[in-house]
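The values are calculated or read from the model by the stated rules, or taken from the named source; none is laboratory data. Just so we're clear, the structure is a prediction, and the values are computed from it rather than from any experiment. Because the Cβ atoms are built from the backbone with ideal geometry, glycine has one as well, and the counts that use them run over all protein chains shown. Ligands, DNA and RNA are stripped out before the accessible areas are found, and what is left, the full protein with its side chains, is counted by its heavy atoms. Shrake-Rupley method; radii C 1.70, N 1.55, O 1.52, S 1.80 Å.
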Amino acid sequence: INSYGLDLIKRFEGFRGEAYLCPAGVWTIGYGHTSMAGPPPVRKGQKMSRAEATKVLKADVEDFAEGVRAALKRDLNDNQFSALVSFAFNVGLGAFRSSSVLKAVNRGDFE
């Protein structure tokens, strides 16, 4: 994922420097980080700076980038790929793999 893609995720997720319960009841912090994504585990009262949240986001996004790469059947430019990683980060890799977006991209329908 390139810097534009990372910024896109940051914009959509928003930054929260203190852990909060998301609508699904999961402790979340930074730019949408949860314990299920990997370290650090998120707990009530936890705080995180923007710089630390950016490091955590970069680590979280790596798994999504690999998942997107594995699902693609055609080459994309960096911005297209990064947009798909942002989408997968938002909906989850399972939903991404079965999405109409991925099907359209794989058949070359970018509209």
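Only one residue of A37, L93, I9 has its Cα farthest out toward the positive end of the dipole of the chain, where Lys and Arg carry +1 and Asp and Glu -1 on Cβ, and that residue is A37. Take every Cα pair under 8 Å whose residues are at least 6 apart in sequence, average their separation, divide by the length of the chain, and the relative contact order is 26 percent.
Enclosing the Cα atoms of the range 6-46 in their convex hull gives a volume equal to 69 cubic angstrom per residue. A simple spin-label model places the labels of R97 and L21 3.1 nm from each other, with each point 7 Å out along Cα-to-Cβ.
Per residue, the convex hull spanned by the Cα atoms of the chain measures out at 98 cubic angstrom. Largest mean-square fluctuation among L21, L57, L93, in a Gaussian network model of the chain whose springs join Cα atoms under 10 Å apart, belongs to L21. Heavy-atom accessible area for R107, with the other protein chains in place and a 1.4 Å probe, reaches approximately 150 Å². Here the sum of -39500 (n - 2.57) over DSSP H runs of 4 or more residues, divided by the residues of the chain, equals -16500 deg cm²/dmol at 222 nm, to the nearest 500.
Leaving ligands, DNA and RNA out of it, report the carbon-plus-sulfur percent of the accessible area of the chain at a 1.4 Å probe. Reported share for carbon and sulfur atoms: 51 percent. A probe of 1.4 angstrom, applied to the heavy atoms of all protein chains, finds D75 with accessible area near 150 square angstrom.
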